[in-house]
Amino acid sequence: MDSNRGLLTLRRNGRETMNCSWGTELWDQFDNLEKHTQWGIEFVERYTKFVKERSEIELNYAKQIRNLSKKYQPKKNSREEEEYKYSSCRAFLMTLNELNDYAGQHEVIAENLNTQILSELLRHVQELKAERKSHFHDGRRAQQHMENSWKQLESSKRRFERDCKEADRAQHYFEKMDADINVTKADVEKARQQAQIRHQVAAESKNEYLSCLQKFNKDQSEHYYTLIPLIFQRIQEMEERRIERVGESMRTYADVDRRVLPIVSKCLDGMNKAAESIDPKMDTKQVVETYKSGFEPPGDVEFEDYSLSMRRAVSESSFLNARGENRRRSRGKLWPFIKRNKGTSSEDYSHLPPEQRRKKLQAKLNDITKDLQKEMDQRDALAKMKDVYVKNPHMGDPNSVDPRLEEITHNIDKLQLETSKFESWLADVEGKLLEKGDAQRRQSAHYDSQGHTPVGNNCAQNRESPDGSYTEDQSVETQFKSRSTEFDDEFDDEDPLPTIGTCKALYPFEGQNEGTIWMAEGEMLYVIEEDKGDGWTRVRRSEDEEGYVPTSYIKLYFDTSAKGAMTYI
């Protein structure tokens, strides 16, 4: 075998590398190679565990990102869903969708780590263990053969040594017997023959020892220059494959991330695009569209001259002078009122301000129109199916379609009635909004030409408060009047209630219903009974003028030292 085989050089991957052979360089390091290759397998197993844990982290991260995106998605038929009419909210929704796609890329990373690295490494480790076991089994068998050969050599050597000593002793004994004149010739001949036998045995032992020595040297040469180099070379190749496979896995580990970067970048670009789509002007305009009530702002409050008479409640030019003197002089009748529920809604949305009512009616009408079109499409499809069955009876029974057609026709009739009803309501509210717009323009023109506000007040009898909490109409007045006689006497004789604070009128209120009291915008009144939850507060102007006013029409200033005063206003 060439002694310089370990010094050969190979050009590999563009680099000069020394081709070291384990078979020649590490011929006496069997145990250390066994330990090293075991460490190599354990290293691959440790790296495999690392990839597995990374894959689990990616899956958990993707799951948490998806849950986060789902958590902040708008709920159907909720207030959150309506918020997405604003560009900032829509941008946030786009960001959530991109984030969901972003999470998907981490799932791809986890899947590729499992399929392209983890499963391959697990299979490779099993192959390494089996191959390593085979190689070191061959090595141990070769070592055992050398040990047996060495034992045979040692045995023949000791036997040869023993036979030589015995031959020397027999020779010395013969020579001693031959020199002794007192020994018989027969004894001398016997000693000579014994010496010859011992020499013959020693010669045979020598030949056997030489044979064993030659065999051992041959086995040893073959062991250290053929068998061990071959076995160690295979172990070296196995180790190099292991190292190369780890390198490939590490490159794949990086490529798995790199391959999803373009998609991740698109997700991030989508998030930037979502941010750029935010339009502050559009959002502020949407606030107007969402909350605009359609009410006209209140007009100017006219001056009421109290200097003419201390008892006079309003001036002759006031819009309240239509009330009789009996009403101004008499004490208001007070009794519990029917509770106004702000949350109460009606089918025609009449509880809403005009502009919001128009929007709700239009949206409802659009939904009904979609449902109607859907039913009509189904009706047409069933009619075509029935026509096919009539022309081709073998394909189906035409009468089997009739029940469904009848049901759809009924639904269409119902939806058409709904359409007519909501169209009527929508036309009504649009007409009122148009009339208000014309009236406002005429009033503005009159104000500009005269330089002052028209006589009278813009607050009509049916005016709602700005928050929509109260609408004064004749039906409510009728309800009040029907119950008035039950409580007149009870309230006429009661003692005056103590004052618990004051209030300022934010809007004018006519107080036409029994038990209420009029007030002018900006007027200060005494509070004698707080709102019990029905939307009304009991106030007093003078000793004989007290009654209820809408709580939403006033600003309260409670006296915290007064008995029963509310401290949270």
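The values are calculated or read from the model by the stated rules, or taken from the named source; none is laboratory data. From a predicted model like this one, the values you see are computed outputs, not experimental measurements. Here the Cβ positions follow ideal geometry from the backbone for every residue, glycine too, while neighbour counts run over all protein chains shown. For accessibility, only protein heavy atoms count, side chains too; no ligands or nucleic acids. Shrake-Rupley method; radii C 1.70, N 1.55, O 1.52, S 1.80 Å.
Pull up segment 265-297, narrow it to residues that are polar (S, T, N, Q) and farther than 15 Å from GLU83 by Cβ, then point me to the one that is most open to solvent (accessible area, probe 1.4 Å).
In the first step, residues of segment 265-297 are kept if they are polar (S, T, N, Q); the result is 265, 272, 277, 284, 286, 290, 293.
Narrowing the set further to residues that are farther than 15 Å from GLU83 by Cβ leaves 265, 272, 277, 293.
Working: SER265: 53, ASN272: 89, SER277: 55, SER293: 30 Å².
The residue in question is ASN272.
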*Somewhere in segment 300-316, is a residue surrounded by 15 or more Cβ atoms within 10 Å (Cβ to Cβ), among the hydroxyl-bearing types (Ser, Thr, Tyr) and modelled with pLDDT of 55 or more?*
no
*Which pairs have Cβ atoms under 8 Å, sit 6 or more apart or on different chains, and link a residue in segment 146-158 that is under 21 Å from THR226 (Cα atoms) and open to solvent by less than 70 Å² (accessible area, probe 1.4 Å) to one that is in a helix (DSSP H, G or I) and of a type in the set (S, T, N, Q)?*
MET146/GLN220; SER149/GLN220
*Within segment 206-237, how many residues turn out to be aliphatic (A, V, I, L, M) and surrounded by fewer than 18 Cβ atoms within 10 Å (Cβ to Cβ)?*
3
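Please go through segment 156-215 and pick out each residue that is of a type in the set (Ser, Thr, Tyr) and either on the phi > 0 side of the Ramachandran plot or assigned to a helix (DSSP H, G or I) (or both).
Step one: of segment 156-215, the residues of a type in the set (Ser, Thr, Tyr) are 156, 173, 184, 205, 209, 211.
Once the filter is applied, which keeps residues that are of a type in the set (Ser, Thr, Tyr) and either on the phi > 0 side of the Ramachandran plot or assigned to a helix (DSSP H, G or I) (or both), segment 156-215 yields SER156, TYR173, SER205, TYR209, SER211.
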*Filter segment 401-424 for residues that are of a type in the set (Ser, Thr, Tyr) and in contact with a helix residue (DSSP H, G or I) (Cβ under 8 Å, 6 or more places away or on another chain) and give the result.*
THR409, THR419
*Picking from TYR72, TYR86, which residue would you name as being surrounded by 18 or more Cβ atoms within 10 Å (Cβ to Cβ) and in contact (Cβ under 8 Å) with a residue 12 or more places away in the chain?*
TYR86
*Is it the case that ASN60 is in a helix (DSSP H, G or I), closer than 30 Å to LYS359 by Cβ, within 18 Å of the chain's Cα centre (by Cα) and not β-branched (Val, Ile, Thr)?*
no
*Could you tell me whether ALA110 is hydrophobic (A, V, I, L, M, F, W, C) and without any contact (Cβ under 8 Å) to a residue 12 or more places away in the chain?*
no
*Given the residues LEU128, LEU93, which is the only one that is open to solvent by less than 90 Å² (accessible area, probe 1.4 Å), over 28 Å from PRO229 (Cα atoms) and assigned to a helix (DSSP H, G or I)?*
LEU93
*Considering ALA363, ALA383, which residue is assigned to a helix (DSSP H, G or I) and closer than 30 Å to TYR291 by Cβ?*
ALA363
_Name the residue that is surrounded by the fewest Cβ atoms within 10 Å (Cβ to Cβ), counting only residues in segment 327-378 that are modelled with pLDDT under 75 and among the hydrophobic types (A, V, I, L, M, F, W, C)._
ILE338
*Residue list for segment 184-204, filter: exposed (fewer than 14 other Cβ atoms within 10 Å of the Cβ) and of a type in the set (Val, Ile, Thr)*: THR184, ILE197
*What tally of residues in segment 497-519 results from selecting those that are open to solvent by less than 10 Å² (accessible area, probe 1.4 Å) and in a strand (DSSP E or B)?*
6
*Applying the selection to segment 520-569, what residues are at pLDDT 80 or above, open to solvent by less than 30 Å² (accessible area, probe 1.4 Å) and within 14 Å of LEU497 (Cβ to Cβ)?*
LEU525, VAL527, ILE528, THR537, ARG538, VAL539, GLU545, GLU546, GLY547, TYR548
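Regarding segment 467-485, can at least one residue be identified that is at pLDDT 75 or above and either acidic (Asp, Glu) or out of contact with any helix residue (DSSP H, G or I) (no Cβ under 9 Å at 6 or more places or on another chain) (or both)? It would help to see each step written out before you state the result.
Initial filter on segment 467-485 (at pLDDT 75 or above): none.
The answer is no; no qualifying residue exists.
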*Does ALA142 qualify as being surrounded by fewer than 14 Cβ atoms within 10 Å (Cβ to Cβ), modelled with pLDDT of 90 or more and not polar (S, T, N, Q)?*
no
